[in-house]
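The values are calculated or read from the model by the stated rules, or taken from the named source; none is laboratory data. Keep in mind it's a predicted model, so treat the numbers as computed, not measured. All Cβ positions, glycine included, derive from the backbone under ideal geometry; neighbour counts span all protein chains shown. Areas reflect the complete protein model, heavy atoms only, side chains present, ligands, DNA and RNA absent. Shrake-Rupley method; radii C 1.70, N 1.55, O 1.52, S 1.80 Å.
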Amino acid sequence: MDRVKFILKRLVYLVLMLFGMATLVFILTKMIPGDPAMANLSQRALSDPEIVAAFKAKHGLDKPIIVQYGLYILNLLQLDLGTSIRTNTPVLTELNRCFPATFELALFAIIIAAVLGIFFGVISAIKRNSVIDQIVRVISVTGVSIPSFWFALLMLYFFYYKLHIMPGPGRLSSIFSAPPKITGMYVLDSLLEGEPAKALDAFRHLILPGLVLAAFTMGLITRTTRSNLLDVMGTDYIRTARAKGVSQRKLITHHALGNALIPVLTVIGLGLGNLLGGMVLVETIFNWPGVGQFAYQSVMTTDYPSIIGVSLLIALNYLVINTIVDILYGIIDPRVRYQ
């Protein structure tokens, strides 16, 4: 019964946070400098007051702010994010088009970051102050420090342009056509289509941008894993287990790692939320048609409905991920479970 109350309370908090975020996004969007009419109409159209007035009336920009806000909340309750000023297409349709590309890339990147980050962190903690530890720490600091756009250009230059061992920008090579949309993720959809060669090509296109995006989060995970594992290894119950003759491997895998991974889950969750928000520069360099590119184009044309839609999508991602992380806390460490 207490667990049900906790879940219901979390759901209420989610609704309140979404409402607050929706209001904040609306206010911040209206504070963006620029006029949608000037960004989307030609100079000739701007010289005609009737055309400008018709444009503003069509997109509700001629109404008072409080009226625009009321209509915005009303439409939001009906899952209507409005129509993109730039493409004249429903914003939900645009997000449905670009989000699967970002999700596929973000999922690939966070898996790489989590696996390598935890592995490097454990090795670094076990080999503390050794040469291996120093090398791992240099790698983690480099991953956190290196600018993503510069790293992306380096990866393309060496592995695509110079060595010719990896494909270039885009999600598929030109010899393949996009698979029928089922999930929107090209690797999975190509497999479902029965085209393993196309799936392999789509996977190879994920590697370079995935490694670039994984570098920063991998560095954070490595440092967090190392730090927390060293702290746990110094606790009394670990020393007691070691005195009883428990092997080093079992000591780490069965006793220490579970507790050390709790803060790491937070880093992974925040990293995934950040990636799902779309990395504008990386997506632009690799010509990846995801949320980042869509957000950039929307801001450049002062496309209010699209900007709001992207912002709400990012906020929803973070809220859902944080809820999942809370649940995983209880699975990994029973002490965190809510009574």
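Quick notes on this one:
- Pick from the range 277-296, criterion open to solvent by 10 Å² or more (accessible area, probe 1.4 Å) and part of a helix (DSSP H, G or I), ranking: nearest to Leu153 (Cα to Cα): Ile285
- Test for Lys198: is it basic (Lys, Arg), surrounded by 15 or more Cβ atoms within 10 Å (Cβ to Cβ) and either out of contact with any helix residue (DSSP H, G or I) (no Cβ under 6 Å at 6 or more places or on another chain) or part of a helix (DSSP H, G or I) (or both): yes
- Ile268 being farther than 26 Å from Met155 by Cβ and β-branched (Val, Ile, Thr): no
- Looking at Leu18, Leu46, just one residue is modelled with pLDDT under 75 and open to solvent by less than 70 Å² (accessible area, probe 1.4 Å), and that residue is Leu46.
- Set Gly168, Gly143: member being in a loop (DSSP other than H, G, I, E, B) and either closer than 30 Å to Asn228 by Cβ or modelled with pLDDT under 90 (or both): Gly168
- Search result, residues across the range 105-132 that are without any contact (Cβ under 8 Å) to a residue 60 or more places away in the chain and over 30 Å from Gly292 (Cβ atoms): Ile123, Lys127, Asn129, Ser130, Val131, Ile132
- Scanning the range 122-138 for residues that are in a helix (DSSP H, G or I) and open to solvent by 70 Å² or more (accessible area, probe 1.4 Å), we see that the one that is nearest to Ile221 (Cα to Cα) is Arg137.
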